[in-house]
Amino acid sequence: MPKHYRPAGKKKEGNAAKYITRTKAVKYLQISLATFRKLCILKGVFPRDPKKKVEGNHKTYYHMKDIAFLAHDPLIEKFREIKVHRKKVKKAFAKKNKDLADRLLNRPPTYKLDRLILERYPTFVDALRDLDDCLTMVHLFAALPAVEGERVQVQRIHNCRRLSHEWQAYISRTHSLRKTFISVKGIYYQAEVQGQKITWLTPHALQQVLTDDVDFNVMLTFLEFYETLLGFINFKLYHSINVNYPPVLDPRLEALASELYALCRYMSSGRVPGNSEPAGLIEDKEDEDNKESSKTDESELRLAQLQHQLPTNEPGALMHLVQESTAADADDADAKECRSLFKNLKFYLSREVPRESLLFIIPAFGGTVSWEGEGAPFDETDEDITHQIVDRPTQSHVFLSREYVQPQWIYDCVNARIILPTEGYIVGRVPPPHLSPFVDNDAEGYIPEYAETIKRLQAAAQSQVLPLPSLGDEDMENSLVEAIIDRSESNEIADKKRKLEMLEKQYHDELRMEYEGKTFSNRTADNQPDVVDKSDTKEADDHMEDSHKQAEKDAADISKTLMSRKQRGLLQAIEINQERKKDKVNLLKKRKKNADSSASAKGR
């Protein structure tokens, strides 16, 4: 009998025991496939790819521990109760027992996902890291039409809109937005919250159409979990800045579809958790309590001063130190730069521009904004307006005290972190190319022309590229003389190098001719030309370049022979990637050249 013989029906080992197919998992849990799919989405269980697929490559496998994890979850019982409840409602309607059906419909079994949030994300940072897909999904459903009778409930759409506006209000209030980019898919945003970079996509403000090739049941299951997750995150973030959650909005602004502006007003009103009184009453109470708390503050300050004089190794020496500095002082340089980008600037939005996006971006970078319509904080006739964002070639009335720019100017200023010149963004002109801040031009090997222009403007804004006013005439002359001397010395060194290369080539040729037995005239050092012709110099340069290339190729071939097969495959993949990058850069340069030539031809 073989050593590892196992009779039929005994316990399995290896991949056969570790993994289970989806069909067997559904039978093991005694639920339907739709319920199994929903349970896996909510619990975060995904299919696995074992090295050895016991039952074939065409099947989906799950880890047995994950299936056992699902089997003990209370949600399975809830899903079974919901299934039984639906059968009871159907049976009541079939028997025409309307009263029983109404009672059953008014008391459906419900469940909450609060436990799953803590289970999947033990810490708050873990939840922030997994927020990209959550925000994208919530913003997508917030843009869908809220129409009764569609596959998505109106209440779900309103809830997604509320959650997205609460998130945007927090980002705008804390000045956490870092990058933005307009693409065909929508508008990309990137924010930095507690050291975590969060990127999400919002669709354009267009009429959305629900297509039939999308499985909305799966998307709604993801949305159900993401709504709960984003609600918990908003609660934590709002309380971190001492703001009540959920916020109570102004009903007038909410009726005018200005929820984001209403949220910003609410957050700036200074309401703290556990206090629902307006800001004016809070200020009055603070004025009354100032006198009573003054003595306490003085005693605490004296105690802190005395505590500084105690030895550091004494227990309790640092217990009563003065509190940390304010949040504004604790912010990093990046946040301060974002907060003051649009400082002292006042914007007015026309009705044809993307209002929600600009209402989110401009306050996030320290600007003041209003719009055309009811509920706006100030009108178009305000004389303090510095910039008006328009996207129409003609205006009914033009104010000379402000600048009229296209919406792209806002996004480019945000990405460049400077106030760009408005000449290229005047209404009626073709704006400069909208560059993506998510692309590393240095790594790609191609830097667009406008990116170089922005770099020069950034350096000039930081006083890095400026004329040297401290240099006098004598210093300027001395610097020019030194530059000329350095250049002449470098030219002399290059000429000497060329002469040595020519002499070395001549020596090798003479040795080769002597070896072949050919006669040649004896040349002395006096007869050698002092000046090398340009054609000979060019030939020498080409020869040296070819020799260097050949040497590099030989060295690469030798190193390849010493590599293993895996290392050679990795090197080949790197070389193919580099060639693709070069081809892409050449294609971009060719397109740029064709565009310039066509533009010059049109100009003629």
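Quick notes on this structure:
- In region 225-255, the residues that are surrounded by 14 or more Cβ atoms within 10 Å (Cβ to Cβ), modelled with pLDDT under 85 and charged (D, E, K, R): D250, E254
- Per-region count, region 93-111, residues surrounded by 12 or more Cβ atoms within 10 Å (Cβ to Cβ) and part of a loop (DSSP other than H, G, I, E, B): 3
- Flag for E300 being modelled with pLDDT under 85, assigned to a helix (DSSP H, G or I) and surrounded by 11 or more Cβ atoms within 10 Å (Cβ to Cβ): yes
- Test: residue in region 43-61 that is in a helix (DSSP H, G or I) and under 28 Å from L229 (Cα atoms): yes
- Meets criteria (open to solvent by less than 100 Å² (accessible area, probe 1.4 Å), under 30 Å from A416 (Cα atoms), out of contact with any Leu (no Cβ under 6 Å at 6 or more places or on another chain) and modelled with pLDDT of 70 or more) for L511: no
- Total residues in region 256-274 satisfying the condition of being buried (at least 19 other Cβ atoms within 10 Å of the Cβ) and either modelled with pLDDT under 65 or of a type in the set (S, T, Y) (or both): the figure is 4.
- Unmet requirement for K52, which otherwise passes all of (1) at pLDDT below 90; (2) within 40 Å of the chain's Cα centre (by Cα); (3) surrounded by 13 or more Cβ atoms within 10 Å (Cβ to Cβ): (3)
- Meets criteria (closer than 26 Å to A205 by Cα, outside the structural domain of D583 (by the TED database) and under 26 Å from the mean Cα position of the chain (by Cα)) for G375: no
- From K27, K38, residue being under 17 Å from H72 (Cα atoms), free of Cβ contacts under 8 Å to residues at least 24 places away in the same chain, open to solvent by 40 Å² or more (accessible area, probe 1.4 Å) and outside any loop (DSSP other than H, G, I, E, B): K27
- Failed item, numbered, when A68 is tested on (1) small (G, A, S); (2) open to solvent by 20 Å² or more (accessible area, probe 1.4 Å); (3) under 24 Å from L220 (Cα atoms): (3)
- Any chance D114 is free of Cβ contacts under 8 Å to residues at least 24 places away in the same chain and loosely packed, with under 13 Cβ neighbours inside 10 Å: no
- Test result for E77, among the acidic types (D, E), outside any helix (DSSP H, G or I) and open to solvent by 30 Å² or more (accessible area, probe 1.4 Å): no
- Of all residues in region 223-247, those that are part of a helix (DSSP H, G or I) and either free of Cβ contacts under 8 Å to residues at least 40 places away in the same chain or among the small types (G, A, S) (or both) total 4.
- Filtered residues of region 561-570 (kept if touching a Lys or Arg at 6+ places or on another chain (Cβ under 7 Å) and open to solvent by less than 70 Å² (accessible area, probe 1.4 Å)): none
- Selection count where residues are aliphatic (A, V, I, L, M) and buried (at least 21 other Cβ atoms within 10 Å of the Cβ), scope region 143-188: 4
The values are calculated or read from the model by the stated rules, or taken from the named source; none is laboratory data. Just so it is clear, the model here is predicted, and its values are computed rather than measured. Note that we place each Cβ from the backbone using ideal geometry, even for glycine, and neighbour counts take in every protein chain shown. Just the protein is used for accessible areas: all its heavy atoms, side chains included, with ligands, DNA and RNA removed. Shrake-Rupley method; radii C 1.70, N 1.55, O 1.52, S 1.80 Å.
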